[in-house]
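The values are calculated or read from the model by the stated rules, or taken from the named source; none is laboratory data. For clarity, every value in this text was computed on a predicted model and none was experimentally measured. Here Cβ is always computed from backbone atoms with ideal geometry, including for glycine, and neighbour counts include all displayed protein chains.
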Amino acid sequence: MKTVIKLLFAFLIITQSTTTTFSQENGSIKKSDKQIFILGKKYYLHKVKRGQTLYSLSNTYKVSIQQIISENSALLSGGLQKGMEIKIPVVENIPEQNSDSKNNFIYHTVQIEETLYSLKNKYLVSKEEILKNNPEIKDDKIKVGQVLKIPKVNNKSDISQGDYYFHKVKPSETLFSLSQQYRVKMESIKRLNPEIINGVLILGQTLKIPKGNYSSMETLVIDHNNTEEPKYYDYDPLYFEEAGTIPCDEFQYNRFVKFKVALMLPLFINENNSASITKGKYYEKTEKFYELYQGLLVAINKLKKSGISLELYVYDTEGNSDKVQKILNTSELENVDLIIGPVYSKNFRLAANFAHNHKINIVSPVPQNFNKLVKTNPFIFVTNPSLETKVTNLSNQMANSYDRSIIVIHNGTSEEKKTIELFKDRLVKTFASYENINEIVFKQVDYKISGINGVLDALSVGLDNIVLIPSSDEAFISDIVTRLSYNKNRYKITVYGMKSWESFRNIQIEYLANLNCHYGTTSYIDYNNKTVKNFIYQYRNTFNSEPGLYSYLGYDITYYFLNVMKKYGKHFQFCLPSDPNLKKNGLMYSFNFQRITPLSGFENNWLNIIKIDKNYNLIKVK
């Protein structure tokens, strides 16, 4: 808020002084010949002369006073002074407009906070249309001061007036498509337009369409007498069904008896050994699986030093189901104690059925949707939590840390709505254990319809606003994060987003830091950790390369499961739920395996909560 006040104060001083100094100017100001580029943006370097004002400079350079101030922070404290050298954005020349152009296009000068997403919503045109008419736009990035050619919507077919929109029917539009576009019922449109006969629309017809409820607020009532049964099970109903199983507290490890571990990966060994493969390169997309294998080898080397004996069987699946089936038909695989892989869904299902039949524990090392499979196979270990588990962990974090007013911003997709409903359900069940909380204020904003105004209406001044945005749409996220960041001085905002945002190119890390952004992730590496540093050192020395993310994954899976086997033997699955000490923090992954149902396999019930701090560091909160 202080920044806004300073900006307004500087603006008032400068505009008030304009009337007294403008008369001192001698003729028009000459544009500077000096131009520079800063971070890809072009500026004039203008040296201020006696009598020149921000008003006269804005007229000469065709930019707003606000733009000049925003590019020159010294103006906030001392105003415009003779001899100062200031940066002024170069505004591209507006294209010459013939009569057709004037009728068909709007020439828009980009302002602070504006994005392609906001412009397409403002002018009711697609992003593709804007890009088509402005080929100079690169990577979907527009610059303050840039002049864009925006196609006009014919005859203003969509005009807002009071509580209604007036819409001119275009080709291929139907009553159903309009009801979906405006989020209203078809009956509501027909009621306001009695001229519609048998639900048939006429091209060019102007319809009156009611404005929908684009944001909503509901009170979620907490029922303290209806707490949910625990999702995970702290006992093992299968324990006594396995003949020859040694009780958890009686197993004694014998280093002279080797554990047998099978690793099944699409390594394409023959192809990678081919002369056609350039040295240091890998065949197609096999590099990450070699990284996983190499991480596993580093773990095995460390495990052997700690006294664990094992035999490793490595199988190249070549990503082929027939090859996997041939491997499963070998007699030696029936006698292994643990299977890691395969990685592809169809192949893993084959191996999981084999493991079930032979009572061998099997680990899915990469993210896959095995929800149905894991519920019917008690020998499966899924390292990546399901969406339901992630949402449950996230709702627990938000419930433990914040007040009871929560805002969810979405873009209207079915996937986002599914996540929101799941989140509401988990949030209510989480708060059921809080005796002093009887209700939660839960707000939803459909950003596609209501835009930033709907969001600002939902935010509260003076309270902590917890904002959940369950989307991975980069254009949408870029727009909403930018606009929320510009309002950070007015509202206290903490955003909960998605791990996928890390890879977005069009979002400035500064904006995420401004919004105290949090997200949940299964993977997190602390490069200051001594164990991590030692792993990197060992990996470099062994393979003469840097470890990738799959290297850490291979290490963590191997180190965790072999240590569990050392403690409880190959039937370790019966002992996991009762041993809280087996919650293991790895180099990148953390593990807390629990059964989903009494007769199911195991799911990793661990989610790291990460936040981006003011110094742009990723900090592990949980």
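A few remarks follow.
- Residues in region 171-193 that are in contact with a helix residue (DSSP H, G or I) (Cβ under 8 Å, 6 or more places away or on another chain) and either free of Cβ contacts under 8 Å to residues at least 12 places away in the same chain or of a type in the set (Lys, Arg) (or both): Phe176, Ser179, Arg183, Lys185, Lys190.
- Subset of region 582-622 (residues that are closer than 22 Å to Tyr511 by Cα and not in a strand (DSSP E or B)): Asp613, Lys614, Asn615, Tyr616, Asn617, Val621
- Single residue of region 371-390 satisfying the filter (assigned to a helix (DSSP H, G or I) and in contact with a Gly (Cβ under 9 Å, 6 or more places away or on another chain)) that is surrounded by the fewest Cβ atoms within 10 Å (Cβ to Cβ): Thr376
- Region 506-542, subset among the β-branched types (Val, Ile, Thr) and free of Cβ contacts under 8 Å to residues at least 40 places away in the same chain, residue surrounded by the fewest Cβ atoms within 10 Å (Cβ to Cβ): Ile536
- Where Asn377 falls short, out of the listed (1) in contact with a His (Cβ under 8 Å, 6 or more places away or on another chain); (2) at pLDDT below 90: (2)
- Failed criterion for Glu474 (all others in (1) over 30 Å from Ile362 (Cα atoms); (2) at pLDDT 90 or above hold): (2)
- For region 336-346, the tally of residues that are modelled with pLDDT under 95 and either within 19 Å of Ser309 (Cα to Cα) or in a helix (DSSP H, G or I) (or both) stands at 2.
- Failed criterion for Tyr555 (all others in (1) in contact (Cβ under 8 Å) with a residue 12 or more places away in the chain; (2) closer than 25 Å to Asp613 by Cβ hold): (2)
- 2 or more residues modelled with pLDDT under 75: qualifying strands (runs of 3 or more DSSP E) within region 21-97: 35-38
- Of the candidates Leu292, Leu263, the single residue that is under 19 Å from Val336 (Cα atoms), in contact with a Phe, Trp or Tyr (Cβ under 9 Å, 6 or more places away or on another chain) and modelled with pLDDT of 95 or more is Leu263.
- Within region 249-272, being under 35 Å from the mean Cα position of the chain (by Cα) and in a strand (DSSP E or B) holds for Ala262, Leu263, Met264, Leu265.
- Verdict on Ile339 being outside the structural domain of Thr419 (by TED's automatic domain parsing) and in contact with a Ser or Thr (Cβ under 9 Å, 6 or more places away or on another chain): no
- Restricting region 152-179 to residues that are surrounded by 12 or more Cβ atoms within 10 Å (Cβ to Cβ) and at pLDDT below 75, the residue that is nearest to Ile106 (Cα to Cα) is Lys152.
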